[in-house]
Amino acid sequence: MTTDPISIAAAMDAERDPGSDTPSAADGERRTLPPVLSKAPPVAMVIFGASGDLTARKILPALARLADRGVLDDGFTVIGVARTEWSDDEFRAHVTESTPDGGPKWRALTGRFKYVTGEYDHPDTFDQLRSHLDEADRIDGTDGNRLYYLATIPSVFGLVAQALAKHGCTGPGAGGNFARVVVEKPFGRDLDSALALNDEMHRAFDESQIYRIDHYMGKETVQNVLALRFANAIFEPIWNRRYVEQVQVTVAESLGVEHRGGFYETAGALRDIVQNHVMQVLALTLMESPTSTEADRVRDEKVKLLQAIDIPTPDEAVDKSVRGQYLAGTVDGVDVPGYRAEDDVAPDSQTETYLALRLRVENWRWAGVPIYVRTGKRLPARVTEVALTFRQVPFLLFDHRSSRDLRPNTLILRIQPDEGISLEFGAKVPGEKFHIRSVAMDFSYDEAFAGADAADGYERLIHDAMVGDATLFIRSDEVEQAWRIVDPYLTAWSEPGGGLHFYPAGTWGPHMADLLVERSGDEWRNPVVDLELSGGRQTHLEQ
Ligand code: NDP
Ligand code: BG6
């Protein structure tokens, strides 16, 4: 695994044609690639919910990769906590099973991992945890630093925080520098419960110790929105209502609810995707420039942007949203069941698996620009993107026939898959006639940074929590404001008239969602077809 600039360059050099001594154009860029992640301090990481799905599928594999990159300190250990009755050895076996790709550095650490079986409302659980933490400091060299990870069911987050406080675990141990707590999503079910949870968390921890995670913020391409906007002079002058006609955010998934029907029934697309992932992406895309990259300066600007998003009345919320649920259909040639036939889903479920919204941002930069958001499961492709469509030229020189294939300039931030940025613009088709059509100028992460071995979202975020960088985590006022924005939709949909529209799996959502944008003379982009039509690179969108 290559982790420093020199070894990355060396690995790339090794891949180059040995017969060629001509430096490639990208060589300068490659030699200066920074280390992927810095070394983390010693720390005991306590995972509540250690027997769960997230721990097995995301947290442990991320830790294994961090270990094998050489990022974890020798004084690192994990203490798992859950109700499942496991011995230390059984937990270690679970760790090994969950990280089949773990290398020698990871395996060298896992032998010391400990496990506590217990209920979160029982003092024995925390007494045992406390003694394991003390032992880790003495024997494993964790130096009194603690990182708690709440990866359990959200209804016990507050309970765990209170119990940690009661047992004197919310500060660092002897000689330690920090105790921090990472809190999984969802943070609350609505504004009231989020306020109550913040209150409970703050009674146990200082806000500076709380790291509310949103894995979208760990995605390189989401962070690249900051680089695109604030490291380049050419975009800022046109990044506003004078030039941008509309913004569309799409978070489309081809998968259904998989094995998470029980959870999804309590959530729906608004709580699962819009309140967190979409609001974060929107905030980064539309906020003003922070005065520095310091965590609170970035988060201040995100909060200000969220505060500018209009909060509809329940009636307006019905008018500006379309919620849908997938029926049986075909995705990528495979027949799939409807949502109501999924495991742990009620046969008359009213939960939305699709949502389209029309938002407004009421500030000088964005007033009057429609912000369309849509997300859904069982759509034709997995694609997350932000598309800024620019206004038409004031006068088009070319007649309608020669410019009928010309579409407005659009800048597409492709978050996943096929990560990159495309700019669609008009070009003359070769030939005698003046025929104009849209083409795409394309930046691909894979091609530009081949071999860079970027950390995945969880890796990056767990690392940042270890080193104490809260920039990519959600502050209490952010999470509350995001709930203020979405709460009226929840209220509106619980009233008669807040209906559900159905769509066959494998389509782009209910017809009503098309009408939502057509009312304003707009239409949804088709992220797959539009890029191909524009002559852009062939897409590799996962179906
Ligand atoms: P699981 O359903 O797998 O449960 C996690 C843990 O909760 C289990 O280890 C279980 O352990 C414990 N648990 C279950 N019921 C209770 C209870 N009544 N009291 C105390 N503990 C209980 O959940 P996930 O791992 O999927 O999710 C964990 C967290 O991560 C949630 O907040 C979820 O929203 C979030 N998340 C999950 C994602 C995923 O892909 N799985 C993605 C994004 C966020 P035991 O029974 O042994 O105590
Ligand atoms: C999670 C949601 O937060 O994000 C899931 O709970 C969803 O329902 C997932 O599938 C999507 O994440 P990604 O990284 O695959 O876009």
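The values are calculated or read from the model by the stated rules, or taken from the named source; none is laboratory data. Remember, predicted model here, so these are calculated numbers, not experimental data. Counting neighbours? That spans all protein chains shown, and the Cβs are built from the backbone with ideal geometry, glycine included.
Within segment 230-250, is there a residue that is touching a helix residue (DSSP H, G or I) at 6+ places or on another chain (Cβ under 7 Å) and within 15 Å of ligand 2 (Cβ to nearest atom)?
Within segment 230-250, one or more residues are touching a helix residue (DSSP H, G or I) at 6+ places or on another chain (Cβ under 7 Å) and within 15 Å of ligand 2 (Cβ to nearest atom).
Which residue out of E97, E184 is crowded, with 16+ Cβ neighbours inside 10 Å and of a type in the set (D, E)?
Details: E97 fails: crowded, with 16+ Cβ neighbours inside 10 Å.
Result: E184 is the single residue among E97, E184 that is crowded, with 16+ Cβ neighbours inside 10 Å and of a type in the set (D, E).
State the number of residues belonging to segment 386-419 that are surrounded by fewer than 23 Cβ atoms within 10 Å (Cβ to Cβ), part of a strand (DSSP E or B) and within 16 Å of ligand 2 (Cβ to nearest atom).
Number satisfying all stated conditions: 1.
Identify the single condition in (1) surrounded by 20 or more Cβ atoms within 10 Å (Cβ to Cβ); (2) assigned by TED's automatic domain parsing to the domain that holds V298; (3) more than 11 Å from ligand 2 (Cβ to nearest atom); (4) not charged (D, E, K, R) that G262 does not satisfy, given that it satisfies every other one.
Answer for G262: the failing condition is (1).
What are the residue pairs meeting all of these: first residue in segment 177-198, first residue over 18 Å from F48 (Cβ atoms), second residue within 13 Å of ligand 1 (Cβ to nearest atom) and of a type in the set (F, W, Y), Cβ atoms under 6 Å, and 6 or more apart or on different chains?
A194/F187
Being in the same structural domain as A267 (by TED's automatic domain parsing), modelled with pLDDT under 95 and either within 22 Å of L500 (Cα to Cα) or among the aromatic types (F, W, Y) (or both) is true for just one of A317, A341. Which residue is that? Spell out how you get there, then give the answer.
Values: A341 fails: modelled with pLDDT under 95.
The conditions single out A317.
Give segment 309-342 a look and list any residue that's free of Cβ contacts under 8 Å to residues at least 60 places away in the same chain and surrounded by 20 or more Cβ atoms within 10 Å (Cβ to Cβ), or say none.
Passing the criteria: none in range.
Among the residues of segment 52-76, write down those that are within 16 Å of ligand 2 (Cβ to nearest atom) and touching a Phe, Trp or Tyr at 6+ places or on another chain (Cβ under 7 Å).
If the condition is that a residue be within 16 Å of ligand 2 (Cβ to nearest atom) and touching a Phe, Trp or Tyr at 6+ places or on another chain (Cβ under 7 Å), then K58, I59, A62 are the ones that fit.
Can you give me the ranges of the helices (runs of 4 or more DSSP H) entirely in segment 171-277 with at least 2 residues that are closer than 19 Å to G158 by Cα and within 16 Å of ligand 1 (Cβ to nearest atom)? First the steps, then the outcome.
Working: elements: 191-204, 220-230, 261-265.
Here the list reads 191-204.
Determine if segment 111-118 includes at least one residue that is surrounded by 23 or more Cβ atoms within 10 Å (Cβ to Cβ), more than 27 Å from the chain's Cα centre (by Cα) and touching a residue at least 40 places away in the same chain (Cβ under 8 Å).
Among the residues of segment 111-118, at least one is surrounded by 23 or more Cβ atoms within 10 Å (Cβ to Cβ), more than 27 Å from the chain's Cα centre (by Cα) and touching a residue at least 40 places away in the same chain (Cβ under 8 Å), which makes the answer yes.
Out of V160, V222, V181, I need the residue that is within 30 Å of M287 (Cβ to Cβ) and away from ligand 2 (no atom under 16 Å from the Cβ). Which one?
V181
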